[in-house]
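Colleague: Here it is, the structure, as structure tokens.
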Amino acid sequence: MRAWSRAERIRGHRIGFVPTMGFLHEGHLRLVDRAKERADRVVLSIFVNPLQFGPREDFAAYPRDLERDRSLAKERGVDCLFVPTPDAMYPTEPLVRVHAGPMADTLEGAARPGHFVGVLTVVAKLLHMVEPDVAVFGRKDFQQAMLVRRMVADLDFACEVEIAPTVRELDGLALSSRNVYLKGDDRRAALALSRALRAVEQAWRGGEADPRGLERRGMETLKTPGVTPEYLTLVDELLRPVARVDAKTVAVVAAKVGATRLIDNVVLGEGIGTDVSVRTTAKD
Ligand code: AMP
């Protein structure tokens, strides 16, 4: 991988990188589009990283379809598809890992102990293998994007981090590889997350300035049959609960819909309306 990147760099090409766990959807492919705008060659990696899954999580069941991913990546103009095996990534158990720090103590980090150590460790490894000029991440995973951006700054990685807007279905559901788990009524129930974020956004635009009041408003919308709320909080870019709300404040939400855990977020000043909406195929 590194030899390919270095050869491209010698030819004067800038390298863009999109790390994923595969089962590609339009959200991933928009990151590819963004990488193509920012670089001359695009690398997309597919690696379902065992390090970031808890023992009771869906590592074994995580959806995989390499042949479909391969053709989607090719169609979208990916120049290099990097699919390392678990043995290549972790020939021995990694004893040294990236300490994720206080930004990982809350929200997803609290719900999934060790998750962000696993994420940052694999992202650090991938950045060393690919040596990109720019790496593109989705705002859909807001806490992850903030942590990666901070790791790259704090540990002096030689790449830029670009964060691209969330891609949604026309009805508001944020695209996720895990949406395949949503069958029957769960698909409709899952709309509660984006609806709750929109309720917060609208209340804020309507003049409600108290963060706890806004959170209560969101929770009322989130609590619907089939949905088990985990959190709905207003945070800053360091994932700290805000005392005062402004346009940069982010409403983050997590809930279980049936057995599927979903997350979503909105930057209040930008609003869900500025995210990208796409029609997906019936197969998805
Ligand atoms: P994953 O394959 O779920 O690990 O995601 C790989 C990358 O795609 C991450 O940077 C995610 O934030 C991003 N991503 C996943 N879903 C979306 C979405 N709906 N919109 C934008 N980016 C996304």
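The values are calculated or read from the model by the stated rules, or taken from the named source; none is laboratory data. Just so we're clear, the structure is a prediction, and the values are computed from it rather than from any experiment. Heads up, the Cβs are rebuilt from the backbone with ideal geometry, glycines too, and the neighbour counts pull from every protein chain shown. Just the protein is used for accessible areas: all its heavy atoms, side chains included, with ligands, DNA and RNA removed. Shrake-Rupley method; radii C 1.70, N 1.55, O 1.52, S 1.80 Å.
Colleague: Would you check if Ala145 is crowded, with 16+ Cβ neighbours inside 10 Å and under 30 Å from Pro84 (Cα atoms)?
Modeller: Yes; evaluated as a whole, the condition is true for this residue.
Colleague: Looking only at residues in segment 176-186 that are part of a helix (DSSP H, G or I) and of a type in the set (D, E, K, R), which one is farthest from the ligand (Cβ to nearest atom)?
Modeller: Only one residue fits best here, namely Asp185.
Colleague: Can you run down the residue pairs with Cβ atoms below 8 Å, 6 or more apart or on separate chains, where the first is in segment 104-126 and under 12 Å from Val148 (Cα atoms) and the partner is among the charged types (D, E, K, R) and buried (at least 22 other Cβ atoms within 10 Å of the Cβ)?
Modeller: Listed pairs, sorted by first residue: Phe116/Glu108.
Colleague: Is it the case, given these coordinates, that Arg279 is open to solvent by 80 Å² or more (accessible area, probe 1.4 Å) and either in contact with a strand residue (DSSP E or B) (Cβ under 7 Å, 6 or more places away or on another chain) or more than 16 Å from the ligand (Cβ to nearest atom) (or both)?
Modeller: In short, no.
Colleague: Exactly one condition in (1) open to solvent by 60 Å² or more (accessible area, probe 1.4 Å); (2) closer than 17 Å to Trp4 by Cβ; (3) of a type outside the set (Phe, Trp, Tyr); (4) assigned to a loop (DSSP other than H, G, I, E, B) is false for Pro84; which is it?
Modeller: (1)
Colleague: Taking Asp171 as the residue in question, decide whether it is closer than 22 Å to Ile272 by Cβ and surrounded by fewer than 18 Cβ atoms within 10 Å (Cβ to Cβ).
Modeller: Yes: the conditions hold for Asp171.
Colleague: Taking into account only those residues within segment 7-29 that are touching a residue at least 60 places away in the same chain (Cβ under 8 Å) and assigned to a strand (DSSP E or B), which is most open to solvent (accessible area, probe 1.4 Å)?
Modeller: Pro19
Colleague: Quickly run through segment 127-175 and pick out the residues that are under 13 Å from the mean Cα position of the chain (by Cα), part of a strand (DSSP E or B) and free of Cβ contacts under 8 Å to residues at least 40 places away in the same chain.
Modeller: Ile163
Colleague: State which residue is farthest from the ligand (Cβ to nearest atom) when the search covers only segment 236-255 and only residues that are surrounded by 15 or more Cβ atoms within 10 Å (Cβ to Cβ) and farther than 13 Å from Leu197 by Cβ.
Modeller: Across segment 236-255, the extreme among qualifying residues is Val245.
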